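What follows is a short report on a single structure.
The values are calculated or read from the model by the stated rules, or taken from the named source; none is laboratory data. Here the structure is a predicted model, which is why all the values come from computation and not from measurement. Using ideal geometry, Cβ is built from the backbone for each residue, glycine included, and neighbour counts are taken over all protein chains shown. Side chains are part of the model used for accessible areas, which takes the heavy atoms of the whole protein and leaves out ligands, DNA and RNA. Shrake-Rupley method; radii C 1.70, N 1.55, O 1.52, S 1.80 Å.
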Amino acid sequence: MTERKRRSEDGRDMEAQPPPSLAKKRHTAKDSDFDALSAEFDENAGMLNLDAIREFQKEAIWRQMQEYKRDAHRAQQRTGEIEQRQAAWEARIA
């Protein structure tokens with residue numbers, strides 16, 4: 001049986017090293033860009049209002065609890081409806 005795979009021209013392993021064009025594209029970020037972003041983040045870190053963040057988290061927890069309550073209430077209503085339907089069905093077949 002003949003081998004159908006195409007051989008590489010220079011005999012190097014294709015998976016070991018990416019083509020040079022990809023290697024250039026992958027590493028386009030410069031250290032100066034990183035330094036500028038980290039400096040901007042450090043400046044903005046002082047503006048964070050921890051009390052506002054805590055209040056927002058508490059409100060989010062409260063909203064989630066209210067949603068769970070509504071889900072539980074809907075489930076109880078649905079259970080009641082199904083039990084009524086089951087009682088009516090049992091009455092009809094008896």
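Each label point was placed 7 Å from the Cα along the Cα-to-Cβ direction; for E83 and F56 their separation is 4.3 nm. Calculate what fraction, in whole %, of the accessible area of the range 34-94 sits on carbon and sulfur atoms when a 1.4 Å probe is rolled over the protein chains. So the carbon and sulfur contribution to the accessible surface is 58 percent. Among R6, R85, the order of accessible area from largest down is R6, R85, computed with a 1.4 Å probe on protein heavy atoms. Residues I82, I61, sorted by accessible area with the largest first, give I61, I82 [1.4 Å probe; ligands and nucleic acids excluded]. Rolling a 1.4 Å probe over the heavy atoms of the protein chains gives the range 45-94 an accessible area of 97 Å² per residue. D35 contributes about 90 Å² of solvent-accessible surface, heavy atoms of the protein only, 1.4 Å probe.
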